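Worksheet: one structure, shown below.
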């Protein structure tokens with residue numbers, strides 16, 4: 001069974017003014033659609049057909065560059081759309097808040113570390129909040145890599161991620177990546193992040 005581009009649970013303009021509708025539409029219907037299509041092409045007719053995306057990424061060093069790049073692009077964007085929502089909750093709470101405080105010192109220290117990881121990722125890539133057992137760490141990866149991959153420097157389960165490829169922000173923010181990162185805090189769906197932490 002082939003992978004499918006997921007439908008968004010909100011309209012392309014729902015994250016305005018923080019993420020603009022034109023960027024959302026191009027990002028989802030062009031970029032994410034292309035990763036999905038190319039991933040299906042890369043595994044078609046091979047022993048990888050029928051495997052879950054997590055299974056593909058866990059042993060990605062054994063697969064082609066096309067599987068690594070497009071599999072990562074498919075998974076990363078699925079997570080990205082789901083951990084954002086219109087009028088996102090203002091702060092993490094409950095077990096997630098406790099884990100952030102225990103692992104990273106405070107919400108403010110977490111935000112500082114996460115924003116720094118996103119701002120200083122050279123070229124294209126992602127910044128992550130990663131679950132490792134009961135602990136949380138902040139990391140970043142190049143291109144479409146992620147912490148599920150056996151090639152990642154920091155391994156674990158990503159529960160929050162920000163796309164810092166220029167296609168994610170350039171129409172609205174141009175070269176001002178830090179402004180996009182600041183805006184991202186306004187659209188995080190902390191309930192979804194907490195669900196992924198518990199999961």
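Of the residues making up region 127-153, those that are surrounded by fewer than 15 Cβ atoms within 10 Å (Cβ to Cβ) and more than 20 Å from residue 78 (Cβ to Cβ) are 132, 133, 134, 135, 153. For residue 50, the criteria (1) surrounded by 14 or more Cβ atoms within 10 Å (Cβ to Cβ); (2) modelled with pLDDT under 95 hold in every case but one, which is (1).
Does residue 8 fit the bill of being within 26 Å of residue 140 (Cβ to Cβ), outside the structural domain of residue 165 (by TED's automatic domain parsing) and in a loop (DSSP other than H, G, I, E, B)? It is true that residue 8 is within 26 Å of residue 140 (Cβ to Cβ), outside the structural domain of residue 165 (by TED's automatic domain parsing) and in a loop (DSSP other than H, G, I, E, B). Yes or no: region 62-79 includes at least one residue that is in contact (Cβ under 8 Å) with a residue 40 or more places away in the chain, farther than 17 Å from residue 2 by Cα and out of contact with any strand residue (DSSP E or B) (no Cβ under 8 Å at 6 or more places or on another chain). Checked region 62-79: no residue is in contact (Cβ under 8 Å) with a residue 40 or more places away in the chain, farther than 17 Å from residue 2 by Cα and out of contact with any strand residue (DSSP E or B) (no Cβ under 8 Å at 6 or more places or on another chain).
For region 168-184, the tally of residues that are under 13 Å from residue 118 (Cα atoms) and in contact with a helix residue (DSSP H, G or I) (Cβ under 7 Å, 6 or more places away or on another chain) stands at 7. For region 53-77, the set of residues classified as out of contact with any helix residue (DSSP H, G or I) (no Cβ under 6 Å at 6 or more places or on another chain), surrounded by fewer than 17 Cβ atoms within 10 Å (Cβ to Cβ) and within 23 Å of residue 9 (Cβ to Cβ) consists of 54 only. Against the numbered list (1) touching a helix residue (DSSP H, G or I) at 6+ places or on another chain (Cβ under 6 Å); (2) surrounded by fewer than 14 Cβ atoms within 10 Å (Cβ to Cβ), residue 23 comes up short only at (2).
The values are calculated or read from the model by the stated rules, or taken from the named source; none is laboratory data. Bear in mind that the values here come from a model prediction, so they are computed numbers and not experimental data. Cβ: placed from backbone, ideal geometry, glycine included. Neighbour counts: every protein chain shown.
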